[in-house]
Amino acid sequence: MKNIAVFVSGGGTNLQALIDAEKRGEVTGGKITLVLAGKTGINAIERANKANIPCVVVNRKTCGSEEAFDNALFAVLEEHNIDLIVLAGYLSILSPQFTKKYDRKIINIHPSLIPSFCGEGYYGLKVHMAALEKGVKVTGATVHFVNEIPDGGEIILQKAVDIEKGDTPEVLQKKVMEQAEWIILPKAVNMFCNDEI
Ligand code: GRF
């Protein structure tokens, strides 16, 4: 059984999708044993508490240096014997030391079809605003391995979502979550836990 840590910074709807998929028996070979929050006061922590999953807050700012932040993360991950890290709406960019240590053991969900609308600065609503500004007719979500390049690691799964006339960034964000993110993230986690990727 692989131990899964989910890193979160916000609402935690992707965390919820993972918890629900696990409950339905759609994630075999793995279990969410830790939620790591980037800050206090976020909804994702409530979701972890409700599901009885241990939750630890590691705040980058209060750590002082990047090295201290890395060491704090390493200590928690080692203590919980983590095999897979899932970035689910986690907003801090991890250091190259971190991504090297956990090579092919970190996956991220990004709300566009990479290589479109990705990389530094493309997060949250900004991704959907950029897609609408460009006038693309199809967008979607991507699950990928995390390396030292933001949104640059190997692609694991993608799912497309049609853009309709009148879609606002908020509407598109919701559509991409419901029609793509919440489906492909649990699927990719299940693939990892069953050594299929
Ligand atoms: C999602 O759109 C995800 O793709 C992106 O950040 C958002 C997080 O939402 N990386 P949530 O916290 O899972 O609700």
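The values are calculated or read from the model by the stated rules, or taken from the named source; none is laboratory data. Since the structure is predicted, the reported quantities are computational estimates derived from the model, not experimental observations. When we count neighbours, we look across all protein chains shown, and the Cβ atoms used for this are built from the backbone with ideal geometry, even at glycine.
List the pairs whose first member sits in region 168-183 and is farther than 16 Å from Leu157 by Cβ, whose second member is more than 9 Å from the ligand (Cβ to nearest atom) and assigned to a loop (DSSP other than H, G, I, E, B), and whose Cβ atoms are under 7 Å apart, counting only residues at least 6 apart or on separate chains? So the pair list comes out as Leu172/Ile163. Taken over region 88-105, the criterion of being at pLDDT 95 or above, of a type in the set (Ser, Thr, Tyr) and part of a loop (DSSP other than H, G, I, E, B) is satisfied by Tyr90, Ser95, Tyr102. Criterion first (surrounded by fewer than 18 Cβ atoms within 10 Å (Cβ to Cβ), closer than 19 Å to Gly10 by Cα and without any contact (Cβ under 8 Å) to a residue 40 or more places away in the chain) does Gly121 satisfy it? Yes; evaluated as a whole, the condition is true for this residue. If you filter region 59-87 down to residues that are out of contact with any strand residue (DSSP E or B) (no Cβ under 6 Å at 6 or more places or on another chain) and outside any helix (DSSP H, G or I), you find that the one that is nearest to Lys101 (Cα to Cα) is Ser65.
Does Lys100 satisfy the criteria of being surrounded by fewer than 18 Cβ atoms within 10 Å (Cβ to Cβ) and either in contact (Cβ under 8 Å) with a residue 12 or more places away in the chain or within 12 Å of the ligand (Cβ to nearest atom) (or both)?
Details: surrounded by fewer than 18 Cβ atoms within 10 Å (Cβ to Cβ): yes; either in contact (Cβ under 8 Å) with a residue 12 or more places away in the chain or within 12 Å of the ligand (Cβ to nearest atom) (or both): yes.
Yes: the conditions hold for Lys100.
Looking across region 106-126 at every residue that is more than 21 Å from Pro96 (Cβ to Cβ) and assigned to a loop (DSSP other than H, G, I, E, B), the one that is farthest from the ligand (Cβ to nearest atom) is identified as Ser116.
This table checks each residue for (1) crowded, with 18+ Cβ neighbours inside 10 Å; (2) touching a Gly at 6+ places or on another chain (Cβ under 7 Å); (3) of a type in the set (S, T, N, Q).
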residue	(1), (2), (3)
Asn43	no, yes, yes
Glu46	no, no, no
Ala51	no, no, no
Val57	no, no, no
Cys63	no, no, no
Glu67	no, no, no
Asn71	no, no, yes
Val76	no, no, no
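Against the conditions (1) of a type outside the set (Asp, Glu); (2) buried (at least 18 other Cβ atoms within 10 Å of the Cβ); (3) part of a helix (DSSP H, G or I), Lys174 satisfies every one except (2).
Of the residues Gly64, Gly10, Gly41, only one is within 16 Å of the ligand (Cβ to nearest atom), more than 17 Å from Ile184 (Cα to Cα) and free of Cβ contacts under 8 Å to residues at least 24 places away in the same chain; which?
On the way: Gly64 fails: within 16 Å of the ligand (Cβ to nearest atom); Gly10 fails: free of Cβ contacts under 8 Å to residues at least 24 places away in the same chain.
When all the criteria are applied, what remains is Gly41.
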